Amino acid sequence: MPLTHHWIVKKSDPFAIIMDAEITEIPDGGWGWVIVAAVALINMSNQSILSVYGLLFGTQLEHLQQDTFTTALITNLNSLALNFSGLFIGPAIKSFKPRNVAASGCITVSFGLLLCAFATAGWHFIVGYSLFVGFGLGLIAPSTFVAINSYFSSKRGRAVGVSLAGAGLGQVFIPHVVRFFLDHYGFREAVLAMSVLSLSGLLGAFFLKPLNANKNSLKHNNRRHIKLLLEDSDQPKKDHVLEIKINTNIAAEEAVNNKLYQEHKHCMALLTPKDKIYQETTIQVVKHEASFNKLTHRLVQALDLELLKDPIFWNMIIGMALVYTSSINFSMIFPSFLQYSANLSRSTTATCMSIMAGADIVCRLLLPCITDKLKIPYRLIFLLGTMGLLVSRAALAESSDFITIVVMSVFTGMTKSATVLNNNLTISAYCKPEKLPGGLGLNMISKGVLVITVGQLSGWIRDLTNSYILCLHAQNCLLLLVIIAWAPEMLYNYRKQSLAKRRAIEEAFSNSAIRVTVAPKS
């Protein structure tokens with residue numbers, strides 16, 4: 001009896017991946033460089049707003065008699081909203097395209113800043129800056145990365161570095177713009193100017209054209225997928241099925257199914273009504289349990305939660321979240337440290353922030369070229385950058401001389417770029433390609449959780465000790481924890497890989513021994 005083979009693709013499957021018949025060639029340049037410039041503009045006018053939080057809102061929050069704990073809460077809730085947007089940013093990009101998502105993010109950031117301009121209480125900043133600005137930035141970052149990712153392959157690292165340099169360029173000029181408006185117009189006008197500036201990102205979003213959109217290709221409808229996911233899998237529903245039959249001889253299978261059905265019908269006829277009710281109830285319970293298990297399995301697959309079974313992955317995402325938390329709090333404390341601990345003027349403070357951002361820009365442009373050529377592991381570069389941040393910030397906390405502060409600011413900007421650039425690259429180097437979206441999402445969630453918990457300790461320490469210096473040292477303790485947790489494990493893995501390579505080389509030499517056979521003389 002010949003077997004029956006079917007190739008079936010159900011369009012109603014919420015996690016079905018329908019591949020287009022035409023394979024699009026990645027140009028690795030071309031219009032992609034226009035997209036890189038557009039993303040750099042978006043980052044310059046929106047992402048760089050995070051770096052001027054202390055300069056822009058610090059004086060106004062003090063005028064409203066808000067303590068450092070509340071100031072830290074505002075920026076940490078901003079990071080929480082930014083990172084937890086990763087739970088649904090993937091479906092949003094697939095349903096509405098990166099261009100529309102990025103444009104929506106710019107509008108949301110502008111609206112959040114507009115609310116902050118008229119804030120008269122601390123919770124107004126939580127609504128405007130923490131929720132709206134944070135959520136808008138959460139929409140911008142992944143959508144712009146997806147737009148670049150589709151146009152580049154071998155030059156992807158350099159393209160991402162150039163686009164992130166736009167945020168660094170904004171960190172050079174925007175502090176001076178903020179200082180100018182604060183000195184000549186006041187707080188409200190300065191925030192309104194930032195709100196208008198963020199709308200310039202709409203111009204960059206206009207150029208985020210998808211790569212060779214095929215009109216005949218099937219569209220990915222996540223809204224339909226979510227609806228189907230919430231349905232009972234045992235409920236009858238109409239599936240649009242594309243079926244390719246190699247052999248249509250299925251008589252044997254139908255006969256077997258018909259025989260089982262007749263036996264089941266005969267058994268049901270012999271049961272009493274009470275037994276029938278019990279059996280039907282048991283069947284319904286089993287069906288609901290099966291539906292719940294199926295839904296849970298699908299959610300685990302969608303979010304790639306099986307990655308959490310790996311202790312090394314836990315070590316990675318917690319370590320990077322601690323570095324991220326330390327960087328967020330440093331950006332908040334650094335302007336106040338320069339003004340109140342180092343006794344620098346507002347103009348000199350903006351200059352130091354610009355110098356740090358300038359060093360960050362240079363390294364964002366050069367570091368990907370060096371690491372790609374030398375093939376240095378991304379996680380090692382991230383660890384070295386963390387060590388550099390620990391040294392530079394510790395020296396910066398104990399510095400009062402202007403020249404020393406400038407030198408340490410340059411070194412801090414250089415080492416910061418190593419952690420920013422290699423954050424997602426570290427995850428991509430460890431996870432399999434099919435697990436990468438889930439790995440990035442879990443990394444974002446871990447950042448949000450630690451920022452709102454561990455990050456709040458920074459503001460509490462500042463209020464308790466009334467010292468920005470101790471606050472900076474407390475942030476450095478987070479970096480020290482990462483170094484202690486990562487260094488032994490990475491050293492062990494390096495030695496393990498070295499031994500494996502040595503054994504492989506020895507086996508290769510032993511298997512490739514040359515055998516010389518001398519033919520006997522005739």
**Q.** In range of the label at A504: residues from segment 342-376 whose backbone nitrogen is under 18 Å from the point 7 Å along Cα→Cβ
**A.** 375-376
Q.
Could you sort I126, I107 by their accessible area in this structure, using a 1.4 Å probe and putting the largest first?
A. I107, I126
**Q.** Positive-pole candidate from Y53, V160, A190, dipole of segment 27-211, charges at beta carbon
**A.** V160
(Q) Ordering R503, R156, R364, R188 by accessible area with a probe of 1.4 Å, largest first, what comes out? (A) R503, R188, R156, R364
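Of all the accessible heavy-atom surface of segment 27-211, with the other protein chains kept in place and a 1.4 Å probe, what percent is carbon and sulfur?
70
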**Q.** Estimated FRET transfer efficiency when R0 is 56 angstrom, pair R495-A37 (beta carbons, to 0.05)
**A.** 0.80
Q) Can you give the accessible area of Y340 in Å² (nearest 10), computed on protein heavy atoms with a 1.4 Å probe? A) 110
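Which entries in K447/K496; K373/K496; K155/K435; K97/K209; K309/K435 show an alpha-carbon gap greater than 18 Å? Spell out each step's value before the answer.
Working: K447/K496 30 Å; K373/K496 24 Å; K155/K435 22 Å; K97/K209 9 Å; K309/K435 13 Å.
Flagged as over cut-off: K447/K496; K373/K496; K155/K435.
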**Q.** Estimated distance in nm for a label pair at I370 and F96, the labels positioned 7 Å out from Cα along Cα-to-Cβ
**A.** 4.0
Q | Solvent-accessible surface ranking, highest first, for S130, S428, S154 at 1.4 angstrom | A | S154, S428, S130
(Q) Testing the spin-label approximation: label points 7 Å from Cα along Cα→Cβ at L481 and N511. State their distance in nm. (A) 4.6
Q. To the nearest 0.05, how large is the calculated FRET efficiency for K209 and F173 if R₀ is 45 Å and r is the Cβ-Cβ distance?
A. 0.95
Q: Please give the solvent-accessible surface of L421 in Å², to the nearest 10, using a probe radius of 1.4 Å with every protein chain present.
A: 20
Q: Give, in nm to one decimal, the length gained when the segment between F402 and L64 is fully stretched (0.36 nm per residue of separation minus the Cα-Cα distance).
A: 118.6 nm
Q) Between D463 and D183, how many nm apart are label points set 7 Å from Cα along the C-beta direction? A) 3.3
Q. Magnitude of the Cβ-charge dipole of segment 27-211, K/R +1 and D/E -1, about the Cα centre, nearest 20 debye?
A. 720
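Hey, can you find the accessible area per residue of segment 304-506 for me, probe 1.4 Å, expressed in square angstrom? Don't jump to the answer; show the numbers that get you there.
On the way: 9420 Å² over 203 residues.
Accessible area per residue: 46 Å².
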**Q.** For segment 60-77, Karplus couplings with θ = phi - 60° (6.51, -1.76, 1.60), whole Hz, Gly/Pro x
**A.** 5, 5, 5, 5, 7, 6, 9, 7, 5, 4, 5, 4, 5, 4, 5, 6, 6, 5
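The values are calculated or read from the model by the stated rules, or taken from the named source; none is laboratory data. These numbers come from a predicted model, not from an experiment. Glycine also receives a Cβ, built like all others from the backbone with ideal geometry; neighbour counts cover every protein chain displayed. Calculation scope for accessible area: heavy atoms of the full protein, side chains included, ligands and nucleic acids excluded. Shrake-Rupley method; radii C 1.70, N 1.55, O 1.52, S 1.80 Å.
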